[in-house]
Amino acid sequence: MVKVTIVGRVSDGLPLAQGLRYMNEENGYLACYKQQAEFILQEISRGALMASKMTIHADHFCFNYLVENGVVFIVLCESTYPRKLAFHYLQDIQKEFEKFDKTLIGKITRPYSFVKFDGVIANFSRQYTDTRTQANLSKLKANRKQDLDIATEDIYNILERKRNSEIVRRLQATPQPESTIWCSPRLEVIALKWTPIMIIVITSMALVWASLALTDDFIISRW
């Protein structure tokens with residue numbers, strides 16, 4: 001069964017429309033999966049997920065997404081829902097999306113503000129609720145090799161890669177000290193300023209001491 005649907009832009013990862021606008025006690029558990037769908041949209045936008053079609057497993061559900069003409073179509077289904085039917089659903093809403101003015105869509109700046117398309121998603125989701133209807137059975141029987149070119153991932157692997165990339169990014173952004181000898185930049189500045197002076201003073205003292213020592217030796221040798 002179709003649970004959550006999100007349509008978003010690839011260029012900036014902005015979610016444009018959704019199929020389930022209001023959460024209640026019955027479907028409140030889907031809020032977490034909606035956040036994961038938004039995360040997948042962001043990963044596609046930043047280039048972390050390169051495939052134009054993919055199934056992403058998440059617990060007892062799976063996300064299916066389709067990327068066409070700079071727009072991402074994501075649907076969450078139960079893991080038992082036929083993947084082939086899920087992609088038929090995505091293709092149907094993608095074709096309807098193409099009928100809208102692209103310049104208008106490009107001007108959208110607020111998340112989920114393309115409310116007009118929410119009704120389109122709702123209509124198609126009702127058509128795909130029952131997998132045993134004649135129309136849906138016909139879609140399942142046609143093009144049986146269609147699933148072969150769809151990549152498969154696990155949401156937890158994607159989350160782990162994201163965490164690792166964030167750790168690397170933070171390490172690269174943290175300025176590394178040029179020298180660890182003095183333990184702090186302030187001490188290093190003081191050391192650089194006074195070290196040459198101390199060297200001169202110590203050298204002068206050593207020369208004076210050596211001169212005095214030679215003088216004493218000379219006096220003693222005369223006596």
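Figures for the structure shown
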quantity: DSSP-defined antiparallel bridges as percent of all bridges, the range 2-173, nearest 5; calculated: 85 percent
quantity: Net charge, residue 65 excluded, C-beta distance under 11 Å - Lys, Arg +1, Asp, Glu -1; calculated: -2
quantity: Violating pairs (Cα-Cα greater than 27 angstrom) within the set 34/116; 3/116; 34/141; 102/139; 53/141; calculated: 34/141; 102/139
quantity: Relative counts (whole %) of C-alpha pair distances in the range 2-173, using bins that are 10 Å wide; calculated: 9, 38, 36, 14, 2, 0
quantity: Surface accessible to a 1.4 Å probe, residue 43 within the full protein complex, Å²; calculated: 10 Å²
quantity: At 1.002 mPa s and 20 °C, Stokes diffusion of the range 38-117 via Kirkwood alpha-carbon radius, µm² per second; calculated: 157 µm²/s
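The values are calculated or read from the model by the stated rules, or taken from the named source; none is laboratory data. Since we're looking at a predicted model, the values are computed, not measured. Neighbour counts are summed over all protein chains in view; Cβ atoms, including those assigned to glycine, are modelled from backbone coordinates with ideal geometry. Side chains are part of the model used for accessible areas, which takes the heavy atoms of the whole protein and leaves out ligands, DNA and RNA. Shrake-Rupley method; radii C 1.70, N 1.55, O 1.52, S 1.80 Å.
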